[in-house]
Amino acid sequence: MALVNAGVVVLDCAEPERLAEFYKGLLGAEESDASANRIEIEGPGGFRMAFRRDVNATPPSWPRPENSLQVHLDFVVADLDETERAIVGLGGRPVEAKDPAGPHEERGYSDPAGHSFTLRTLAPTAPKQG
């Protein structure tokens, strides 16, 4: 039996309104709750995130070595290039431009407040051609 019933990923940021808009666009989510200092969204399939106002929030500096990666989000996508264009259009930015070797292609990004996230494709079921 689970000890908790539900969870929400909460990101602290200086501008929760701006960050909520970014993730609503990225996830195809809708705003589900809002107050002066917190906005919660829910995406298809019930994935929930919230953005809490912290006027002193400092974004992580990953991938620079002076600040370790504290937490990041992983998202699975069908098309890395198409999703990257959408992320840049929403105000995010790439932080790692090369695909690492291995069965999964992935790329690193930061949202408008500097939080890290990764996009990856599902492992192909057949060998890569060409």
Item to complete: Would you tell me the accessible area of residue 83, worked out with a 1.4 angstrom probe on the heavy atoms of the protein chains, in Å² to the nearest 10?
Response: 30 Å²
Worksheet item: Given the protein chains as shown and a 1.4 Å probe, how many square angstrom of residue 115 are accessible, to the nearest 10?
Response: 30 Å²
Fill in: Radius 10 Å from Cβ of residue 41, net charge of other residues (Lys, Arg +1; Asp, Glu -1)
-4
Fill in: Order of exposure, largest accessible area first, which applies to 111, 74, 79 with probe 1.4 Å
74, 79, 111
Worksheet item: Taking amide H positions as placed 1.01 Å from N in the peptide plane, with prolines and chain starts having none, which residues 5 or more places from residue 47, or on another chain, fall under 5 Å of its amide H?
Response: none
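The values are calculated or read from the model by the stated rules, or taken from the named source; none is laboratory data. These figures come from a predicted structure and were not determined experimentally. FYI the Cβ positions are ideal-geometry reconstructions off the backbone, even for glycines, and counts take in every protein chain you see. To get the accessible areas, we keep the full protein, side chains included, count just its heavy atoms, and leave off ligands, DNA and RNA. Shrake-Rupley method; radii C 1.70, N 1.55, O 1.52, S 1.80 Å.
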